[in-house]
Amino acid sequence: MEKEIALYREKVKRYYDNEDRLIQYPTKRPLRILALSKIAEKFELSVKYTEKEVNEIIRNSIVFTDIELIRREMFQHRFIGRLRDGSKYWLEEDWKSLYGDYLGEVRGAALDCGENRTEESE
């Protein structure tokens with residue numbers, strides 16, 4: 001699997017323009033995880049973001065216009081969390097351990113993609 005991941009890390013570079021913005025959202029899951037992780041790195045831990053702030057970070061990271069797709073994917077793949085009403089978002093603390101195999105940082109990480117994770121309140 002390590003060789004495959006190395007190939008994906010190389011291949012995902014083709015999805016970026018010269019300003020390091022995502023040109024197209026990849027169809028293959030490993031490439032998506034790598035693309036989403038690059039956007040996740042632009043968020044700060046322990047910071048609560050409004051939806052507008054999240055959208056702005058995403059907007060500055062992509063060329064295409066489907067900000068909602070990226071925000072939804074980041075939530076579904078556990079890069080970001082949010083309150084049930086969508087009023088606050090945050091970077092999940094464990095996203096790097098979840099996708100360590102893709103990032104080359106943690107070996108044996110579980111790739112459990114939970115859905116519908118929300119918090120009722122802060």
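Residues whose amide H falls under 5 Å from that of I62, counting only those 5 or more places apart or on a different chain, are L22, with hydrogens built in the peptide plane. Here is the size of the range 1-40 from its Cα atoms: Rg then Dmax, 9.8, 30 Å. Here the scattering of the range 1-103 is modelled by Debye summation over its C-alpha atoms, one equal scatterer each and no solvent; at q = 0.15 Å⁻¹ the log10 of I(q)/I(0) is -0.59. With R₀ fixed at 22 Å, the C-beta to C-beta distance from E41 to L83 puts the FRET efficiency at about 0.45. In the complete set of protein chains, residue-level accessible area for E44 is approximately 120 Å², probe 1.4 angstrom. Accessible area per residue for the range 17-110, computed on protein heavy atoms with a 1.4 Å probe, is 52 Å².
The solvent-accessible area of D85, taken with every protein chain present and a 1.4 Å probe, is close to 120 Å². Taking amide H as placed 1.01 Å from N in the peptide plane, the amide H of Y49 sits under 5 Å from that of Y89, W90, each at least 5 places away or on another chain.
Overall, the accessible surface of the range 1-99 at a probe of 1.4 angstrom is composed of carbon and sulfur to the extent of 46 percent.
The values are calculated or read from the model by the stated rules, or taken from the named source; none is laboratory data. Bear in mind the structure is a predicted one, so any value in this text is a computation, not a measurement. FYI the Cβ positions are ideal-geometry reconstructions off the backbone, even for glycines, and counts take in every protein chain you see. Protein only, heavy atoms only, side chains kept; ligands, DNA and RNA dropped before computing areas. Shrake-Rupley method; radii C 1.70, N 1.55, O 1.52, S 1.80 Å.
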